[in-house]
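**Student:** Please read through the structure below; I'll follow up with questions.
Values quoted throughout were computed directly from the atomic coordinates according to the rules given, and no laboratory measurement underlies them. Given the structure is predicted, the values throughout are model-derived calculations rather than measurements. All Cβ positions, glycine included, derive from the backbone under ideal geometry; neighbour counts span all protein chains shown.
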Amino acid sequence: MQRLIPTFHSLARAALFVWFGCGAMAALVFDVYATEIVVLKSSDVGYYTQAVQGFRQALPAHTHMVEYTLRDGGTDAREVGQSIRAGHPDLVLAVGLNAALTAKLEIPDLPVVFCLVLNPELHGLPAGNMTGVSMKVSPEQQLERIKAMAPHARRIGVLYDERQQAATISAAKHQAKLLGLQLIGRAVAKRGEVSGALLALLPQIDLLWVLPDQTVVTDESLPFLLESAFDAKIPLFGLSSTFVQRGALGAVVIEPLDAGIQAAQLAAAILRDPPTGGLRMVQPNHPKLVLNLNTAEYLGLTLAPDLVRMASRLYGGPGAFASQDNSKPIVP
């Protein structure tokens, strides 16, 4: 499908307005046939594909979309960026960190919406032409779910890098106090400190809350976090649905399909009324509760029936650890 030239845009808009007798309906039909959106994915994994499905689902059926996928961690970023700019799309959706960074560096003159990017501020995101859907669930929402899930747990432990989580920890301490909980934090400055900090923290707490912290959470540290907490019979909460599937008790998560739908709503708002100033990120609309029933049984916890019904996803299977699905990343 070729892009329509500006003269035709003007004629089509006027004709549709007269035909329907309604400016709003004319704008909708015009957008369906005239808008071109490029989707740029960090890699070809199911997690990102679900977000793209949600994005497509929430846009008019005839919106013209072209999809690119970065290769080898973004080694072709410049080439892809040049190709996207040459096509002059109306908007770019960037899915995942590498895609968002490619858009920041190579596509500075087009509106960009990104999603499924953890801690974007650590990577200088968003840039002036960008906005996105945050993956951060508020401390208030998470602590409320922790209290409902494990009402016996009063001392909530958390490992964090102060450079990444200072604002989150400050807000969490305030919220914990309101809920009658005590937040016991232990700061780490580098990845090598995580194991020692965890072993010192576990005897002091009733539950371990795992934040999406890039110093604390690595491929090497996650098995140690799970095994150490299970040995101490301390429930873990947070991070992702795959982390729950592999043994954490629960988490409040942003599902990729929901992130894609919200990104489409954000994109539609930008296309209808292009902003004149800087763009701000938006908070996730519908965080979902995920629970591991086998882990609850192993820890001797009885989850409230209302809480179980509220969960969007329940994991179970033989033993304390749920069956694993290695196709999904533990950390988005």
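**Student:** With θ taken as phi - 60° and the coefficients 6.51, -1.76 and 1.60, list the Karplus ³J(HN,Hα) couplings across the range 134-149 in order, rounded to whole Hz; mark glycine and proline as x.
**Tutor:** These are the phi-based 3J(HN,Hα) values: 5, 9, 8, 8, 4, x, 4, 4, 5, 5, 5, 5, 4, 5, 6, 6 Hz.
**Student:** Same structure, new question: For Lys288, list the aspartates and glutamates whose Cα falls under 12 Å from its own Cα; do not include residues on the same chain fewer than 8 positions away.
**Tutor:** Within the straight-line limit of under 12 Å, Lys288 reaches these aspartates and glutamates: Glu255, Asp258.
**Student:** On to the next question. Just grab the label-to-label distance for Lys233 and His88, each label 7 Å out from Cα along the Cβ direction, in nm (one decimal).
**Tutor:** About 6.9 nm, to one decimal.
**Student:** With each label point set 7 Å from Cα along the Cα-Cβ vector, what nm distance links Arg78 and Ser195?
**Tutor:** So the label points at Arg78 and Ser195 sit 4.1 nm apart.
**Student:** Suppose each label sits 7 Å from its Cα in the direction of the beta carbon; what would the Arg71-Arg272 distance come out to in nanometres?
**Tutor:** 4.0 nm
**Student:** So which GluC sites (Glu not before Pro) in the range 199-305 end up in coil per DSSP with only 15 or fewer other C-beta atoms within 10 Å?
**Tutor:** Of the GluC sites (Glu not before Pro), the ones in loops of the range 199-305 whose Cβ has at most 15 other Cβ atoms within 10 Å are Glu220.
**Student:** Moving to a separate point now. Return, ordered by residue number, the residues of the range 226-249 whose backbone nitrogen is under 17 Å from a label point located 7 Å along Cα→Cβ of Leu122.
**Tutor:** From the range 226-249, the list is 238-240.
**Student:** Which residue, chosen from Leu183, Ala127, Gln82, occupies the Cα position most advanced towards the positive end of the dipole of the range 79-213, where the dipole is computed from +1 (Lys, Arg) and -1 (Asp, Glu) charges on Cβ about the Cα centre?
**Tutor:** Leu183
**Student:** So which trypsin sites (Lys or Arg not before Pro) in the range 163-263 end up in coil per DSSP with only 14 or fewer other C-beta atoms within 10 Å? Show your work: numbers first, answer last.
**Tutor:** Details: sites: Arg163, Lys173, Lys177, Arg186, Lys190, Arg191, Lys233, Arg246; in loops: Lys190, Lys233, Arg246.
Passing sites in the range 163-263 are Lys190, Lys233.
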